[in-house]
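> Right, I'll just put the structure down here and ask away after.
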Amino acid sequence: MDTTCPWADGKPRCFWANPKNERYVRYHDEEWGRPVHEDKKLFELLLLECFQAGLSWECVLNKREGFRQAFADFDCNRVCAFTEADIDRLVQTPEIIRHRRKIEAAINNARVFREIAQEYGSFSAYLWHWTDGKILFDPVSTTSPLSLALSKDLKKRGMKFVGSTTIQSYLQAVGIINAHQPDCFLSPREPVHR
C-alpha cells in the first residue's frame with residue numbers, strides 16, 4: 001500500500017472527503033454522486049444543501065440526524081404543515097443549524113417542492129427532465145449553465161437559498177452531475193455526457 005495515501009483501504013478519493021471523519025467517508029463512498037430518483041431522498045438532500053449555504057458540507061452532514069429528527073424524518077408533507085411555533089422550536093434546537101431564515105426557507109421550499117411534484121408527477125421527473133435523464137460529468141465546476149437555469153427556475157417558483165452554487169452542489173449530490181475527480185476510485189470508468 002502507498003504510505004502517502006491517507007486512506008486506510010488505499011482507495012483514492014475526492015480531495016474534499018476527510019479521512020478522519022467516517023461519516024463523511026461513508027457519504028462520499030455510498031451516497032454522493034449516485035443517481036437519486038426517490039422524492040423523499042431528493043427532498044432531504046435539497047433541504048440539507050440549502051442549510052449548507054455559506055457553511056461546509058461536513059458541518060451539515062455531522063448534524064444530519066438532528067435535521068432528520070427536527071424535520072419529521074424529511075417528510076415533505078409534514079414539513080409543509082410546520083407553523084410559526086415549529087419555527088420557534090427549531091430555532092432553539094441545538095442539533096441543527098439554528099438559522100431562522102434558513103428554517104423558514106426549508107418550510108417554504110417544502111411547499112414549492114410539493115407543488116412541483118404535483119405538476120410533474122414527481123419532483124424526480126422535474127429534476128431529471130433538465131438533462132433528459134442523462135448523467136453529466138464535471139469534476140471541476142462550482143456552477144454550470146444547468147445549475148444557473150435550474151436555480152433561476154426554482155427561484156421563480158418561490159424557493160429560497162437555491163443559488164447556482166448550491167444547486168450545482170445539489171446536482172452533484174443527487175448524481176445528475178458526476179463530479180468524482182478523475183483519480184477517485186468512484187470516477188466513472190465509462191464516458192458520460194458533458
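The values are calculated or read from the model by the stated rules, or taken from the named source; none is laboratory data. Fair warning: this is a prediction, and the values are worked out from it, not measured in the lab. Positions of Cβ are generated from backbone atoms using ideal geometry, with glycine treated the same way; all protein chains shown enter the neighbour counts. The area values use the complete protein model at the heavy-atom level, side chains included, leaving out ligands, DNA and RNA. Shrake-Rupley method; radii C 1.70, N 1.55, O 1.52, S 1.80 Å.
> Check the stretch 127-146 and report whether any residue there is in a helix (DSSP H, G or I) and open to solvent by 70 Å² or more (accessible area, probe 1.4 Å).
Checked the stretch 127-146: at least one residue is in a helix (DSSP H, G or I) and open to solvent by 70 Å² or more (accessible area, probe 1.4 Å).
> Can you name the residue in the stretch 116-126 that is open to solvent by less than 10 Å² (accessible area, probe 1.4 Å) and hydrophobic (A, V, I, L, M, F, W, C) and, of all such residues, is farthest from the chain's Cα centre (by Cα)?
116
> Among the residues that make up the stretch 80-98, is at least one of them in a loop (DSSP other than H, G, I, E, B), open to solvent by less than 70 Å² (accessible area, probe 1.4 Å) and over 18 Å from residue 160 (Cα atoms)?
yes
> In addition: Which one of the conditions (1) in contact with a helix residue (DSSP H, G or I) (Cβ under 9 Å, 6 or more places away or on another chain); (2) surrounded by fewer than 12 Cβ atoms within 10 Å (Cβ to Cβ) does residue 101 fail to meet, given that it meets all the rest?
Failing condition for residue 101: (1).
> So which residues in the stretch 153-173 are assigned to a loop (DSSP other than H, G, I, E, B) and in contact with a Leu (Cβ under 6 Å, 6 or more places away or on another chain)?
Within the stretch 153-173, just 162 meets the criteria.
> How many of the residues in the stretch 99-123 are more than 20 Å from residue 157 (Cβ to Cβ) and either hydroxyl-bearing (Ser, Thr, Tyr) or in a helix (DSSP H, G or I) (or both)?
1
> Hey, does the stretch 135-143 have a residue that's in contact (Cβ under 8 Å) with a residue 60 or more places away in the chain, within 24 Å of residue 25 (Cα to Cα) and among the acidic types (Asp, Glu)?
no
> Hey, can you tell me all the residues within the stretch 16-33 that are assigned to a helix (DSSP H, G or I) and charged (D, E, K, R)?
Once the filter is applied, which keeps residues that are assigned to a helix (DSSP H, G or I) and charged (D, E, K, R), the stretch 16-33 yields 22, 23, 26, 29, 30.
> For residue 113, indicate whether it is of a type outside the set (Asp, Glu), crowded, with 17+ Cβ neighbours inside 10 Å and at positive phi.
Here the answer is no, as residue 113 does not meet what is asked.
> When residue 30 is evaluated against the numbered criteria (1) charged (D, E, K, R); (2) modelled with pLDDT under 95; (3) out of contact with any helix residue (DSSP H, G or I) (no Cβ under 8 Å at 6 or more places or on another chain), which criterion, by number, is the only one it fails?
(2)
> Ok, one more. Would you pick out the residues in the stretch 122-169 that are of a type in the set (S, T, N, Q) and either at pLDDT below 95 or under 27 Å from residue 183 (Cβ atoms) (or both)?
131, 141, 142, 143, 144, 147, 164, 165, 166, 168, 169
> Residues in the stretch 24-54 that are over 24 Å from residue 126 (Cβ atoms) and either surrounded by 13 or more Cβ atoms within 10 Å (Cβ to Cβ) or acidic (Asp, Glu) (or both): how many?
Here the count works out to 7.
> Kindly check whether there is at least one residue in the stretch 28-41 that is of a type in the set (Asp, Glu) and within 21 Å of residue 117 (Cβ to Cβ).
Checking the stretch 28-41: at least one residue is of a type in the set (Asp, Glu) and within 21 Å of residue 117 (Cβ to Cβ).
So that you can scan it fast, the table gives a plain yes or no per residue for (1) touching a residue at least 12 places away in the same chain (Cβ under 8 Å); (2) more than 21 Å from residue 168 (Cα to Cα); (3) of a type in the set (D, E, K, R):
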{"position": "22", "(1), (2), (3)": "no, yes, yes"}
{"position": "28", "(1), (2), (3)": "yes, no, no"}
{"position": "37", "(1), (2), (3)": "yes, no, no"}
{"position": "51", "(1), (2), (3)": "yes, no, no"}
{"position": "63", "(1), (2), (3)": "yes, yes, yes"}
{"position": "72", "(1), (2), (3)": "no, yes, no"}
{"position": "86", "(1), (2), (3)": "yes, yes, yes"}
{"position": "90", "(1), (2), (3)": "yes, yes, no"}
